[in-house]
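The values are calculated or read from the model by the stated rules, or taken from the named source; none is laboratory data. Remember, it's a predicted structure, so these values are computed and weren't measured experimentally. Cβ: placed from backbone, ideal geometry, glycine included. Neighbour counts: every protein chain shown.
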Amino acid sequence: MPNSAVYVLPGAIVIGNIDLDVFTQALWAKTNPYHPLWCHLLDTGAVCERLLDCFGCPDDIPPKWVIYLSALHDIGKADPEFQVLDDVQVDRLQGFGLSLPSRYDGFRHESRSGVWMGKHLRECGWSSSTVRMVAATLRAHHGNFTPKPCAPSEESPEHDLWEQIRDRIAEMLADTIGIPDEQSAPAGVTNASATGVKLIGLNVLSDWIASNEELFRYPSLNTEVTPSDYWQQARTEAARAVSALQLVQLGNCITSLANPSFRDIWPQITSLRSSQQALEDACRGSIPPGLAIIEAPMGEGKTESAIYLSECWKLQNGSCGAYIALPTMATSNQMHGRYREFLRKRRPCVSSLRLVHGMSWLVDDVSLESGFEILGDSSEEENMLARDWFNPSKRALIAPEGVGTIDQALMAALNVKHGFLRLLGLSSKVLIVDEVHAYDEYMTTILERLLEWCRVLRIPVIMLSATLSQPQKLRLINAYGGVVQEDTDIIEPYPLITIVPLDGSETRVIPVEAQTSRTVHVKQHLGKHR
């Protein structure tokens, strides 16, 4: 445990007998095991840097700034109301001449982070609306968008001193991460919802990984070095930790032809159904990513068509995989086996396919308890929620490829704890929803809300149905931003493929020639009679 500062920023600041650089290093973030605050902030920034390769960067904010913002998520721990929470650390800090108040259990460091971040970004020239959005993401990094206020230290005599300590830490982070100057700050964001949800998802996931002693081995890192040297250690450890979670960089496993045929994706299918042939013809003429609704009878190979279209769209937008959502555990279990076999042949480099539903541990052979701990000042309830996200079965939503029940995706559109992590996971995938006609009014309403988020986050969606009514279809199209009006009385053919492009162009329909006859082979299996 360090007793003095081992680095000095240019122009060291001394106020009375207080050296800000000494306190910048002396402050703690974690106590069991001990970890300095400045190191944890750099750890989180390093993990965020790696996650940007897996989930992409939020719109309108340069990657360096995203990393910097994630690193600053716990800046509120540089506060006497937080530093007083551990008796051992109080004794150590008082040895530096630092005066600490009596313990106040109502303090929330994330609130302090949000308040300080608002002031800091305004000084950096950020627009007011963007400042409010970023400050809200920092306040919510423990999953609560309305945490308790950060009083009372705002009124304490040492308030100005702690403000300068936080400013000094931010200066060190900016210098280490490589924020060139205040002029590089973004002027604003096009869509605060899309940018904000990705930013908070990256913040939370980065913090959880960096706080996980078994996953991110921060006790083994040397803290007796300069910030730049520690930053290089943290980046190396972050790369190893993200790899251990089996997350992959966007587009890393897309190795197929630029404009594949149906048989390139499904070589074992020798004769295409009419809907499959129509989809292949359209894809080879280029279908832009967006919403696709495939309506065809049972046995028409809609699942194979959806996977073919998702592979084509991945090649266009660099998505890392797909999440296939089904109505029941039984159907998702069956699809898990089919899709896993497909991936083994198609992309052997991809990590194990994840299955997610309440009983997935019975089926998914990699869904074992991890035992990971999220260390710090979080509540036991939050620790349990965080640990759950590191279990392989739950990682279906953030892993490259996943299969599960529709409710796991629908919760991304609900006000549930850490629902934004589900949106972050889906943002790097193609979402495939099977049996879309099977959902009642309640689930359809939530599905419409999810489609609105998918449109905002530019997530391609493929929906499959054998018996989708026209009113249902129009609701789904309009939720995704399609231009078809609800009062249309056009009688559409069946089977049919409907495309709602993300680029804003007009909704497109692709008629499919109906098959008038089909040969069905029946094989008799005689059972034993008692």
Item to check | Unmet requirement for residue 58, which otherwise passes all of (1) touching a Phe, Trp or Tyr at 6+ places or on another chain (Cβ under 8 Å); (2) over 20 Å from residue 38 (Cα atoms) | outcome: (1)
Checklist outcome for this item: In the set 286, 256, the lone residue that is modelled with pLDDT under 85, surrounded by fewer than 19 Cβ atoms within 10 Å (Cβ to Cβ), part of a loop (DSSP other than H, G, I, E, B) and at positive phi is 286
Checklist entry - Inside the stretch 460-477, can you point out the residues that are β-branched (Val, Ile, Thr) and within 28 Å of the chain's Cα centre (by Cα)? => result 461, 462, 477
Checklist outcome for this item: Exception for residue 243 within (1) surrounded by fewer than 24 Cβ atoms within 10 Å (Cβ to Cβ); (2) at pLDDT 95 or above falls at (2)
Checklist entry - If you scan the stretch 390-414, which residues turn out to be part of a helix (DSSP H, G or I) and modelled with pLDDT of 85 or more? => result 406, 407, 408, 409, 410, 411, 412, 413
Checklist entry - Among the residues of the stretch 434-469, which ones are of a type in the set (Asp, Glu) and assigned to a loop (DSSP other than H, G, I, E, B)? => result 434, 435, 440
Checklist entry - When you look at residue 289, is it under 21 Å from residue 321 (Cβ atoms) and more than 31 Å from the chain's Cα centre (by Cα), yes or no? => result no
Checklist outcome for this item: Going through the stretch 160-178 in order, the residues found to be surrounded by 14 or more Cβ atoms within 10 Å (Cβ to Cβ) and modelled with pLDDT under 85 are 161
Next on the checklist: Please return the ranges of helices (runs of 4 or more DSSP H) entirely within the stretch 1-106 where 1 or more residues are under 18 Å from the mean Cα position of the chain (by Cα) and modelled with pLDDT of 90 or more.
Outcome noted: 37-55, 63-71
Checklist entry - Are there any pairs, at least 6 apart or on different chains, whose C-beta atoms fall under 6 Å, with the first in the stretch 504-530 and modelled with pLDDT of 80 or more and the second surrounded by 10 or more Cβ atoms within 10 Å (Cβ to Cβ) and part of a loop (DSSP other than H, G, I, E, B), and if so, which? => result 506/483; 507/482; 507/483; 507/484; 511/493; 512/495
Item to check | Residues (surrounded by fewer than 21 Cβ atoms within 10 Å (Cβ to Cβ) and either modelled with pLDDT of 90 or more or part of a helix (DSSP H, G or I) (or both)) located in the stretch 415-433 | outcome: 419
Checklist entry - Any idea which residue in the stretch 209-240 is modelled with the lowest pLDDT, counting only those that are closer than 18 Å to residue 73 by Cβ and of a type in the set (A, V, I, L, M, F, W, C)? => result 215
Next on the checklist: Based on this model, can you work out whether residue 334 counts as assigned to a helix (DSSP H, G or I) and under 24 Å from the mean Cα position of the chain (by Cα)?
Outcome noted: no
Checklist entry - Within the bounds of the stretch 197-218, is there any residue that is assigned to a helix (DSSP H, G or I) and surrounded by fewer than 22 Cβ atoms within 10 Å (Cβ to Cβ)? => result no
